[in-house]
Amino acid sequence: MTTNMMLSLNTLPVELLYRIFDSLDAETILFSIQYVCKRFHLIIINYNRYKLNFKTIFKHSFHQLCRTTDPKNIISLILSDDNQTPGQIELFLSLYRIEEYIRLQSVTLMAIEEFYLNIILKHLSSNCSLTSLVIHCELNSVLSTETLLFLSLTIGKNSLRKLDLNLGYTNIDKFEWPLDCSIQYLRLSNRIRFDKFCMILHCLPSIKTMILRDCLINDIKEINNLISNNILYRQLTSLTFEDCDLKMTIIESLLSLTPSLIHLIIIGNSDDLFDGARWEKFIQTKLLDLNKFQFAFQSNMNISHDPTGLESLLMPFQTPFWLETKQWLVTALCIQSSQFINLYTTQDCVSKINFHAQANKIIRSTAPTIIEDKLTMDNVREISLDLMEMQVDMIEKVDIKINCIKFFLAFSS
């Protein structure tokens, strides 16, 4: 005889409830779930894996959360001095002792001033086992030697796996990376020189993913010397250049140092990056493991801004290599009022786009229409709109409809 058991949240084992709490923010746990029933209240008293996210929080909730949570129960902390929460980091440090937050595993600091960054890094470098660290300094920041030293000590911790840095105007080429870091994911918003790029890869033997704004190269001989010495960085499997001004020749040399790449993203502005045949030959020769290639290229190259011009641009991307073997689909776009031509993979990789009215666009793609119509912009976080252009486009569409109606009425009479 079987017995039907009614399962509910209230009957789940404590361990399962804790796993559910791990996916919730501290506000939800402390201000909502805790008051559902007496059992939940007692369970939450002993919960010690809170994640405090102060980036988007009301001021009264900020104080209430800080008062009701034990610093030793906090494993994740997000503080922000951006436009939505100005002065938050100073307020936090004036009211609460950062030294009491000894179990922090993840820390995110947005738009932080160096004075407060120095205080927090001094604590993190000696008292916490971080796995994730995100630091975005004020735009005009130039960090002192002391602050960079504390940053180096923090980065050198064996527990750290993810690092995201935007150090403002600080010359990151002068930063000393500790040897044998355990970092697996690195994002740098500052431009770096090629020799520093190689030094970072040398110091990070476990790195898998690297996202860079750009790599500055003054002399191609630098790269060729390394290639001739068979210095390769096979640990890296994913590489992104977010604002690349490099020529194709230099990119080929640079990527030859990372032959194990599986995922490559390049957002660039050079004419020769548009050469699909050259990319095909290089990938088949040097990047044999690459299975995902996303790019967004823009140039004012000398090509006619019409369907014929775009179709000629796409010809090299219609070989069996692109369409069948890799299935990397490519789109070419130009705007009638702009001198630039855009070439990009259909899996969009840019976070900022300029949206133009449909009437001003000329688009050609290697993607079938059924796929092209379903393209998404999952990575887009910022869109620029020209409202005047859109208004003109709407007026033109209305005029067309009116003329069609007039023609129909005249024809009917």
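Which number in (1) within 29 Å of Gln235 (Cβ to Cβ); (2) at pLDDT below 95; (3) surrounded by 15 or more Cβ atoms within 10 Å (Cβ to Cβ); (4) not small (Gly, Ala, Ser) marks the one condition that Gln327 misses?
Here Gln327 meets the rest and fails (3).
What number goes with the only condition from (1) in contact with a strand residue (DSSP E or B) (Cβ under 9 Å, 6 or more places away or on another chain); (2) modelled with pLDDT under 95; (3) over 18 Å from Ile267 (Cα atoms) that Gln318 does not pass?
Gln318 satisfies every listed condition except (2).
Tally time: how many residues in segment 16-32 are over 22 Å from Tyr101 (Cα atoms) and modelled with pLDDT under 90?
Of the residues in segment 16-32, 1 are over 22 Å from Tyr101 (Cα atoms) and modelled with pLDDT under 90.
Of the residues in segment 281-292, how many are under 14 Å from Thr249 (Cα atoms) and either at pLDDT below 95 or not β-branched (Val, Ile, Thr) (or both)? Step through it out loud before you land on a result.
So the first thing to find is which residues in segment 281-292 are under 14 Å from Thr249 (Cα atoms), and the list is 281-283, 286.
Keeping just the survivors that are either at pLDDT below 95 or not β-branched (Val, Ile, Thr) (or both) gives 281-282, 286.
Summing the residues that are under 14 Å from Thr249 (Cα atoms) and either at pLDDT below 95 or not β-branched (Val, Ile, Thr) (or both) in segment 281-292 gives 3.
With (1) more than 23 Å from Arg49 (Cα to Cα); (2) out of contact with any strand residue (DSSP E or B) (no Cβ under 8 Å at 6 or more places or on another chain); (3) not in a loop (DSSP other than H, G, I, E, B) as the list, and Ala111 as the residue in question, which single condition is left unmet?
Among (1) more than 23 Å from Arg49 (Cα to Cα); (2) out of contact with any strand residue (DSSP E or B) (no Cβ under 8 Å at 6 or more places or on another chain); (3) not in a loop (DSSP other than H, G, I, E, B), Ala111 violates only (2).
Considering only residues that are crowded, with 16+ Cβ neighbours inside 10 Å and either out of contact with any Ser or Thr (no Cβ under 9 Å at 6 or more places or on another chain) or polar (S, T, N, Q) (or both), which ones fall in segment 276-294? It would help to see each step written out before you state the result.
Just the residues of segment 276-294 that are crowded, with 16+ Cβ neighbours inside 10 Å, to begin with: 276, 279-280, 282-283, 286-287, 290, 293-294.
If the condition is that a residue be crowded, with 16+ Cβ neighbours inside 10 Å and either out of contact with any Ser or Thr (no Cβ under 9 Å at 6 or more places or on another chain) or polar (S, T, N, Q) (or both), then Trp279, Ile283, Leu290, Gln294 are the ones that fit.
What are the residues in segment 26-66 that are exposed (fewer than 12 other Cβ atoms within 10 Å of the Cβ), outside any helix (DSSP H, G or I) and not polar (S, T, N, Q), if any?
The answer is Phe58, and nothing else.
Results for (1) modelled with pLDDT of 90 or more; (2) at positive phi; (3) hydroxyl-bearing (Ser, Thr, Tyr), shown as yes or no for each residue.
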| residue | (1), (2), (3) |
| --- | --- |
| Pro13 | no, no, no |
| Lys51 | yes, no, no |
| Thr56 | no, no, yes |
| Ile75 | yes, no, no |
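Just for segment 117-138: of the residues that are of a type in the set (Ser, Thr, Tyr) and not in a strand (DSSP E or B), which one is farthest from the chain's Cα centre (by Cα)?
Going residue by residue through segment 117-138, those that are of a type in the set (Ser, Thr, Tyr) are 125-126, 129, 131-132.
Retained after the next criterion (residues that are not in a strand (DSSP E or B)): 125-126, 129, 131.
Numbers: Ser125: 25, Ser126: 29, Ser129: 24, Thr131: 18 Å.
The qualifying residue farthest from the chain's Cα centre (by Cα) is Ser126.
Looking at (1) closer than 30 Å to Ser182 by Cβ; (2) touching a helix residue (DSSP H, G or I) at 6+ places or on another chain (Cβ under 8 Å); (3) at pLDDT below 95, which one does Met248 not meet, given that it meets all the others?
The failed condition is (1).
Just need a number here: residues in segment 33-50 that are under 20 Å from Ile98 (Cα atoms) and either among the small types (Gly, Ala, Ser) or in contact with a helix residue (DSSP H, G or I) (Cβ under 6 Å, 6 or more places away or on another chain) (or both).
2
Have a look at Arg49, Arg19 and point out the one that is within 30 Å of Leu121 (Cβ to Cβ) and among the basic types (Lys, Arg).
Going through Arg49, Arg19 in turn, the sole match is Arg49.
Within segment 291-302, how many residues are within 16 Å of Leu273 (Cα to Cα) and assigned to a loop (DSSP other than H, G, I, E, B)?
Count: 3.
Please go through (1) outside any loop (DSSP other than H, G, I, E, B); (2) among the acidic types (Asp, Glu); (3) within 23 Å of His136 (Cβ to Cβ) for Asp82 and return the number of the only condition it doesn't satisfy.
Single failed check for Asp82: (1).
If the requirement is being aliphatic (A, V, I, L, M), farther than 15 Å from Gln327 by Cβ and assigned to a helix (DSSP H, G or I), which of these qualifies: Leu261, Leu273, Leu288? I'd like the intermediate steps shown before the answer.
Numbers: Leu261 fails: assigned to a helix (DSSP H, G or I); Leu288 fails: assigned to a helix (DSSP H, G or I).
Residue meeting the stated conditions: Leu273.
If you go through segment 285-318, how many residues are in contact (Cβ under 8 Å) with a residue 40 or more places away in the chain and polar (S, T, N, Q)?
5
Conditions tested, residue by residue: (1) in contact (Cβ under 8 Å) with a residue 24 or more places away in the chain; (2) touching a helix residue (DSSP H, G or I) at 6+ places or on another chain (Cβ under 7 Å); (3) of a type outside the set (S, T, N, Q).
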residue: Thr85; (1), (2), (3): yes, no, no
residue: Glu138; (1), (2), (3): yes, no, yes
residue: Thr154; (1), (2), (3): yes, yes, no
residue: Gly168; (1), (2), (3): yes, no, yes
residue: Arg187; (1), (2), (3): yes, no, yes
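Contact list please: Cβ distance under 6 Å, first residue in segment 238-251 and within 9 Å of Asn269 (Cα to Cα), second residue part of a strand (DSSP E or B), pairs at least six apart or on different chains.
Taking only residues 6 or more apart or on different chains, the pairs are Cys244/Ile266; Cys244/Gly268.
The values are calculated or read from the model by the stated rules, or taken from the named source; none is laboratory data. Please read these numbers as outputs of a predicted model, since none were measured by experiment. When we count neighbours, we look across all protein chains shown, and the Cβ atoms used for this are built from the backbone with ideal geometry, even at glycine.
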